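Down below is the structure, laid out as structure tokens.
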Amino acid sequence: MKKNFFSKKSLTFLESYLNNPSPTGFESEGQKLWLDYLKPYIDDYIVDTYGTVVGIVNPEAKYKVVIEAHADEISWFVHYITKDGFIYVRRNGGSDHQIAPSKRVNIHTDKGIVKAVFGWPAIHTRHGKDEKSPQMDTIFLDCGAISDKEVAEMGVHVGCVITYEDEFMTLNNRYFVGRALDNRIGGFVIAEVARLLHKNKKKLPFGLYITNSVQEEVGLHGAKMIVETIRPDVAIVTDVCHDTNTPMINKIKQGDLKCGDGPVLTYGPSVQNNLLKVIIETAEENKIPFQRQAASRATGTDTDAFAFAIGGVASALISLPLRYMHTTVESAHIDDVQHVVELIYNTLLNIKDQQDFRYLK
């Protein structure tokens, strides 16, 4: 990482933003933090009914360019409470049941946070052919209650959302580590792009819509809603993808991508190739390293929601390689985070007002 590329204020924001719970459908507190950080660098903003937030630069411009990330993190719901006070859960997004045992969690209630743990039988009691593995019907929460009545008195009921306690850290001055880097690290990236444009007094010839969408983890819902509100001409989406160079990953199936080797650019039907060409030329021009991946059909990111909306929006995806996705120790190389910021920033400077990305004219 270049020395002082991220300001002290930026890194303080990143830590507070990642530590703040932002479960799918309950993103509002994190969105407040994000908007407060962004406000000095924008001219106006939009907040929609479900909580997607858009910071706008040059709101009067007719040509509109979106840079986008999603704000939500995977989590759990209280699903069933036994007579003895144990709590079974249901996924909110793609939560991994295998990492749950022995994790500490926060149950969010109207009375405040209730602490609990994912219990698991001791190894001494699990020998033999009847040993069970972590599955959705075997993992459970213990909040120290002795009955369902006591659980209710704590304020816990079916539908309460649950998040892990794990918080942000850096690893060997090389990795940002924590839960929900997927994809609040993207929210940080697009906010940093806005900060740098403001700091460097760059005047864009179009309207810039810095968009932090909700509910990506359950179907790209926030992006699908906000694209109708903005009706953009161009969308550059940033999300995360898999570092495939850690143990137990098959590169033949997953591709060859590595943290530290730069942003990942995706080829696929929802990626507009003329926009992708501008991004690649920008990377080469600015000596920003990048990697490539192919999407078989959809990218599985908000890129698809923008690309296939309102008659087709020229869209592209810039991904950040991530280790251990959908765990509490998601890890991103700090250099890659910087390079994603630089690539989006410089691409915006290369997009012209009213630029026509159509294949046939």
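Per the listing Ala294, Ala298, the residue uniquely free of Cβ contacts under 8 Å to residues at least 60 places away in the same chain, more than 19 Å from the chain's Cα centre (by Cα) and surrounded by fewer than 22 Cβ atoms within 10 Å (Cβ to Cβ) is Ala294.
Annotation note: of Lys361, Lys253, Lys277, the sole residue that is surrounded by fewer than 19 Cβ atoms within 10 Å (Cβ to Cβ), outside the structural domain of Gly222 (by TED's automatic domain parsing) and not in a strand (DSSP E or B) is Lys361.
For the range 1-30, the set of residues classified as over 24 Å from Thr163 (Cα atoms) and either surrounded by 18 or more Cβ atoms within 10 Å (Cβ to Cβ) or among the hydrophobic types (A, V, I, L, M, F, W, C) (or both) consists of Met1, Phe5, Phe6, listed by residue number. Here Ser270 fulfils each of the conditions (1) under 21 Å from the mean Cα position of the chain (by Cα); (2) surrounded by fewer than 22 Cβ atoms within 10 Å (Cβ to Cβ) apart from (2). If the condition is being farther than 27 Å from Pro21 by Cα, without any contact (Cβ under 8 Å) to a residue 40 or more places away in the chain and not aliphatic (A, V, I, L, M), then the range 110-148 contributes Pro121, His124, Thr125, Arg126, His127, Gly128, Lys129, Asp130, Glu131, Lys132, Ser133. Only one of the listed residues (Thr163, Thr125) is polar (S, T, N, Q) and either under 20 Å from the mean Cα position of the chain (by Cα) or buried (at least 23 other Cβ atoms within 10 Å of the Cβ) (or both). That residue is Thr163. All of (1) touching a residue at least 24 places away in the same chain (Cβ under 8 Å); (2) in contact with a Leu (Cβ under 7 Å, 6 or more places away or on another chain); (3) hydroxyl-bearing (Ser, Thr, Tyr) hold for Tyr50 with one exception: (2). Is it the case that the range 155-175 has a residue that's modelled with pLDDT under 95, basic (Lys, Arg) and outside any strand (DSSP E or B)? Looking for residues that are modelled with pLDDT under 95, basic (Lys, Arg) and outside any strand (DSSP E or B), one finds none in the range 155-175, hence no.
Among the strands (runs of 3 or more DSSP E) confined wholly to the range 8-85, which include 3 or more residues that are in the same structural domain as Val227 (by TED's automatic domain parsing) and more than 30 Å from Asp148 (Cα to Cα)?
Fully inside the range 8-85 and qualifying: 44-47, 53-57, 64-70.
Scanning the range 192-224 for residues that are of a type in the set (Gly, Ala, Ser), outside any strand (DSSP E or B) and either closer than 29 Å to Arg91 by Cα or modelled with pLDDT under 95 (or both) turns up Gly219, Gly222, Ala223.
Taken together, Asp243, Asp239 contain a single residue that is within 24 Å of Glu342 (Cα to Cα), surrounded by 19 or more Cβ atoms within 10 Å (Cβ to Cβ) and touching a helix residue (DSSP H, G or I) at 6+ places or on another chain (Cβ under 7 Å), which is Asp239.
Out of curiosity, is Thr282 in contact (Cβ under 8 Å) with a residue 60 or more places away in the chain, closer than 15 Å to Thr347 by Cβ and surrounded by 20 or more Cβ atoms within 10 Å (Cβ to Cβ)? Considered against the rule, which asks whether it is in contact (Cβ under 8 Å) with a residue 60 or more places away in the chain, closer than 15 Å to Thr347 by Cβ and surrounded by 20 or more Cβ atoms within 10 Å (Cβ to Cβ), Thr282 comes out as yes.
The values are calculated or read from the model by the stated rules, or taken from the named source; none is laboratory data. From a predicted model like this one, the values you see are computed outputs, not experimental measurements. Virtual Cβ from ideal backbone geometry, glycine too; neighbours counted across all protein chains shown.
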